[in-house]
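Below: one structure, written as C-alpha cells.
Bear in mind that the values in this text are calculations on the coordinates, not laboratory data. Computed from a predicted structure; not experimentally measured. Ideal geometry is used to build each Cβ from the backbone, glycine not excepted, and the neighbour counts take in all protein chains shown.
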There are 2 protein chains.
Amino acid sequence: MGRPRNFDESEVLRAARDQFWSTGYAAARVDDIAAATGLGKGSLYGAFGDKHQLFLRTYADHCAGLVEAVRRALDGPDTDAYERLRAHVMKVAEATASDVCLRGCLLAKGAAELSEQDRAVAATARRTFTAIEELITSCVAGAQRAGDIAPDADPARLAGLLLAVLRGIEALGKGGSSPDSLRAIAETALAVLPRPQSDQDRSARPQSG
Amino acid sequence: MGRPRNFDESEVLRAARDQFWSTGYAAARVDDIAAATGLGKGSLYGAFGDKHQLFLRTYADHCAGLVEAVRRALDGPDTDAYERLRAHVMKVAEATASDVCLRGCLLAKGAAELSEQDRAVAATARRTFTAIEELITSCVAGAQRAGDIAPDADPARLAGLLLAVLRGIEALGKGGSSPDSLRAIAETALAVLPRPQSDQDRSARPQSG
DNA sequence: TACGTTCTGGACGAGACAGTCAAGAAAGTC
DNA sequence: GACTTTCTTGACTGTCTCGTCCAGAACGTA
C-alpha cells in the first residue's frame, strides 16, 4: 500500500493556519509554512495542493471550528439562554482585548484580504456569519421564551445587531482599542437589549459615568 | 530651481490608494501602481520613498479623509443631531450594501492586514477610530440635549456601541451579507438607542416581522 | 527478499518583484 | 546660451518565492 504518511494532518493544518493568520495570505511564504509544519515542500504540495488550496482548506476548517465553538457557548436550556448570551458577548470582548499582538480573527482577516478576489473565501465567510447569526438568533429566542428579552422584540433582528457588534469589537481590537473600551461596548450592547416591561426600565439603559 | 514635477500629488496618491485598496498591501505591485499613476518607478520612489512609505502616506490620508467625511455628516445644531446620526448610520449600511465588489473599507482592510506587524498602521487606525467615536459622541450628546436620546444615557458608551456596529456592518459586508440584512442591522441599532421616557417606550423596540 | 506504491526532502528552475541607476528632459539663473 | 538643479523614464539587477522534480525511504505484498 505504499509508504504511510508521517504527519498528522490536523496538526499540519493548524501550523499552516497559524502562518496565514499571523502574516496574511499574500505575505505567507510556502517555505515558512513547510518549516512550521516540519514537512518538506514536496509533501505539502502532494498532500494539500498549492498555496491557495491549502489556504482555503485551513480557512474553511477554522471557520467551521469557530461556528462549533459558538454553538457550544450558546446551546442549552432557555432558562440560562440570556446568561449564556451575555457570557459569550463578554468573552469575545475579553478575548479581543487580550489579543496583544493584534492578530485578530482569521475569519475577518481572510475575508478582508481575499473576499474581493476569491469567491470561495467570500462564500465561506458568508456561510460562517450566517451560521453564527442563526445560533445567536436561537439563543435570543430562548432568552425571550424564558422572559429575559422583551416579548415583542424580533430575535433575528437582535441577533443581527449582536453579530455586528461582535464583528465590530473584533475590528476595533485590530486598531488597538483599549480593553476597557471593548468591554464597555459589549456591556452597552447587552444593556440596550430590550428587556420585558416588568423589569425596571432603567436597567435596560447604559448608566452614566 | 530644477525641473518642476509633472504630476498632481493628490491624484497620484489616490491612484496608489486604489491599488492598495483593491489588492491589499502585500499583493499590490509597485509596477502596477506606477502604471496606474502614470509615473515611472523612479519618480514614484523619488517622490514618496519605497512601497511601505507610500502605503503609510495613502493610508493616513485616506483615514484623515474618512474622519472629515464623518465630521461633515455629523456636525450641526442639536435640533437635527439625532436625524443626522440616523442618516449617517443608514448611509454606511447602504454604502456597504452597494459595494458589490466587496472592496470594503481601506481603513479596516489595512488594519486587518498590517496592524499586527506595523505599529504605524495600528496607530493610524486607532487614531481614526478614536476620532470617529468622538464625533459620534458629540452627536449623541447633541441629540440628548435636544431631547431625542434618554437623558440618563451615557453618550460616550452609546457612541462606542454605534462605532462597533458601523465597523461590524463593514465586516459583515465583506462576507457578502445581503443589503437587506445590513439595513436591518442599522435600523435595529438605531431602534435600541434609549429614547426619552416621554416617547412611547415601544417605539424604541425593534418590531417583530 | 524482491517489487510496486506512496511518501519524503530538498535541490532546482522559471518567473515575479522591489528598488536602483544612468541618461536625458525641463525648468530657473546668470 | 551655458550651467545647475530637479524630475522622468524604463531597463537592469539581485533577491525572493512558488511550484516541480527526482532520488531515495518506508511501508505492504507475494
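Once the Cα atoms of the range B:1-130 are picked out, what are the Rg and Dmax in Å?
Cα-based Rg and Dmax for the range B:1-130 come out at 17.1, 55 Å.
Below 12 angstrom from the Cβ of B:Gly65, what's the summed charge of the other residues (Lys, Arg +1; Asp, Glu -1)? Please report the intermediate quantities before stating the final value.
Working: positive: B:Arg14, B:Arg17, B:Arg71, B:Arg72; negative: B:Asp61, B:Glu68.
Residues close to B:Gly65 contribute a combined charge of +2.
What are the nm distances, shortest first, from A:Gly49 to its equivalents in the other copies, labels at 7 Å along Cα→Cβ?
Computed spacing set for this position: 4.1 nm.
With the contact rule set at Cα under 8 Å and sequence spacing of 6 or more, what percent relative contact order holds for the range A:52-196?
34 percent
Before rounding to the nearest 500, sum -39500 (n - 2.57) across all DSSP H runs of length at least 4 in chain B and divide by the residue total; then give [θ] at 222 nm in deg cm²/dmol. Kindly include the intermediate steps, with their values, before the conclusion.
On the way: 9 runs with 141 residues, N = 209.
Taking each H run of at least 4 residues, the total per residue is -22500 deg cm²/dmol.
Calculate the dipole size of chain A relative to its Cα centre from +1 charges on Lys and Arg beta carbons and -1 charges on Asp and Glu beta carbons; express the result in debye to the nearest 20.
400 debye
How much space per residue, in cubic angstrom, does the convex hull of the C-alpha atoms of the range A:1-78 take up?
Convex hull of Cα atoms, per residue: 114 Å³.
Would you mind classifying the protein assembly as shown by shape? Square roots of the alpha carbon gyration tensor eigenvalues, ordered a ≥ b ≥ c; an a/c under 1.5 is rounded, otherwise it is prolate if a/b is larger than b/c and oblate if not.
Note, shape of the protein assembly as shown comes out oblate.
Please compute one quarter of the surface area of the Cα convex hull for the range A:113-161 and express it in square nanometres.
For the Cα atoms of the range A:113-161, the hull's average projected area reads 3.7 nm².
Which distances in nm, rounded to one decimal and ordered from shortest, link the label point of B:Gly2 to the equivalent label points in the other identical copies, with labels set 7 Å from Cα toward Cβ?
Sorted ascending, the copy-to-copy spacings read 6.3 nm.
Given the options A:Cys101, A:Cys139, A:Cys63, which has the most mean-square fluctuation in a GNM of chain A, springs set between C-alpha atoms less than 10 angstrom apart?
A:Cys101
With all pairs of different alpha carbon atoms counted, what Kirkwood hydrodynamic radius in Å does the range B:68-118 show? Numbers along the way, then the final one.
Details: mean 1/r = 0.0774 Å⁻¹.
Evaluated on the range B:68-118, it is 12.9 Å.
Diagonalise the Cα gyration tensor of the range B:89-131 and give the resulting equivalent ellipsoid semi-axes, square root of 5 times each eigenvalue, largest first, whole Å. Show your work: numbers first, answer last.
Working: eigenvalues 109, 36, 4 Å².
In descending order, the three semi-axes are 23, 13, 5 Å.
Build a GNM of chain B with springs between Cα atoms under 10 Å: which of B:Leu66, B:Leu193, B:Leu39 gets the top mean-square fluctuation?
With Cα springs under 10 Å in chain B, the top fluctuation among B:Leu66, B:Leu193, B:Leu39 is at B:Leu39.
Could you tell me how many degrees, from 0 to 90 and to the nearest 10, lie between the Cα long axis of helix A:9-23 and the main elongation axis, the longest principal axis, of the Cα atoms of chain A?
70 degrees
Only loop residues by DSSP count here, and only those with at most 13 other Cβ atoms within 10 Å; note down the GluC sites (Glu not before Pro) in the range A:99-152 that meet that.
none
What is the count of Lys pairs in the protein assembly as shown whose alpha carbons sit under 21 Å apart, if the two are 8 or more places apart or on different chains?
Lysine pair count for the protein assembly as shown: 14.
Under the Karplus relation 6.51 cos²θ - 1.76 cosθ + 1.60, θ = phi - 60°, what is the ordered set of whole-Hz ³J(HN,Hα) values for the range B:173-179, x standing for Gly and Pro?
So the J values, rounded to whole Hz, are x, 4, x, x, 4, 5, x.
Which angle between 0 and 90 degrees, to the nearest 10, do you get for helix B:81-97 versus the longest principal axis of chain B when only C-alpha atoms count?
50 degrees
I need the per residue convex hull volume for the range B:57-196, using only the alpha carbons, in cubic angstrom as a whole number.
It is 95 Å³ per residue.
Distances in nm, one decimal, shortest first, from A:Val30 to the same residue in every other copy, taking the label point 7 angstrom along Cα→Cβ.
Reported distances to equivalent positions: 2.5 nm.
Quick check: Cα centre of the range B:72-114 to Cα centre of the range A:111-153, how many Å?
Going from one Cα centre to the other spans 21 Å.
Please average, across the residues of A:101-107, the number of beta carbons from any other chain that are within 10 Å of each residue's own beta carbon, and give a whole number.
4
Report the one residue of B:Ala122, B:Gly176, B:Gly65 whose Cα lies farthest in the direction of the positive end of the charge dipole of chain B (charges on C-beta: Lys and Arg +1, Asp and Glu -1; origin at the Cα centre).
So the residue we want is B:Ala122.
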